[in-house]
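The values are calculated or read from the model by the stated rules, or taken from the named source; none is laboratory data. Computed from a predicted structure; not experimentally measured. We place every Cβ from the backbone using ideal geometry, glycine too, and count neighbours over all the protein chains shown. Just the protein is used for accessible areas: all its heavy atoms, side chains included, with ligands, DNA and RNA removed. Shrake-Rupley method; radii C 1.70, N 1.55, O 1.52, S 1.80 Å.
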Amino acid sequence: VVINWKELREKELQAKFNIFIEYTHYALGPYVNAVELARLDEFIELYVHNVELPQDNTTITPERLKNPDLFHFGWNMAHYFEREKKDVVQWLQKVFTPLADLEYSYIKGKLHDLQTRKYIIPNIDDIPKYITETEG
């Protein structure tokens, strides 16, 4: 039996991506329109595959979410995909309109919050478990 490790890794990554997209639709879906949600899915896919966002991308402006909610979303994504947390900061700045003009170091310092449960989007250590608990 020949195992194609690259193909297997891609299938695992796709499954993980699908779970995160489900989480994204649950967490951010109520706060963005359908067009923005579809765009967000594309931006996450680029992040997952380490592809830079287009320079001319149209940013997303969520309703009723505070900046810490968006910071936590970024932390959750970086944590879930086992990436350096600092690497998600520029992605956040390029994706979400309210974060575009904030200082990199400010965002980096606010990605994780010990008072996380006071926000709409908390920091989450286990996305699949969170989905199961919130939907179940």
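A Förster radius of 35 Å, combined with the Cβ-Cβ distance separating GLU133 from ALA34, puts the computed FRET efficiency at roughly 0.85. Amide H contacts of PHE96 (H built 1.01 Å from N, in plane; Pro and chain starts excluded): ILE60 sit under 5 Å, all sequence-distant by 5 or more or on other chains. The helix-based estimate of mean residue ellipticity at 222 nm for the chain, built from -39,500 (n - 2.57) per DSSP H run of four or more residues and divided by its residue count, is -17500 deg cm²/dmol to the nearest 500. For ASP56 and GLN115, the difference between the fully extended length at 0.36 nm per residue and the C-alpha to C-alpha distance is 17.7 nm. Between GLU103 and ASP126, full extension at 0.36 nm per residue minus the direct alpha carbon distance yields a gain of 5.5 nm.
Of the GluC sites (Glu not before Pro) found in segment 45-136, the ones in coil according to DSSP and having at most 11 other Cβ atoms within 10 Å of their Cβ are GLU52, GLU63, GLU82, GLU84, GLU103. Relative to the longest principal axis of the Cα atoms of the chain, the long axis of helix 34-48 makes an angle of roughly 60 degrees.
Once the chain from GLU42 to TYR26 is taken as fully extended at 0.36 nm per residue, the excess over their C-alpha distance is 4.1 nm.
Taking Cβ atoms as reference points and 15 Å as the exclusive limit, the residues near LYS110 contribute a net charge of +1, counting Lys and Arg as +1 and Asp and Glu as -1.
Computed with every protein chain present, the accessible area of LYS11 is close to 130 Å² [probe 1.4 Å]. Rounded to the nearest 10 degrees, what's the angle between the helix 67-80 long axis and the longest principal axis of the chain, both from Cα atoms, 0 to 90? With rounding to tens, the tilt is 20 degrees.
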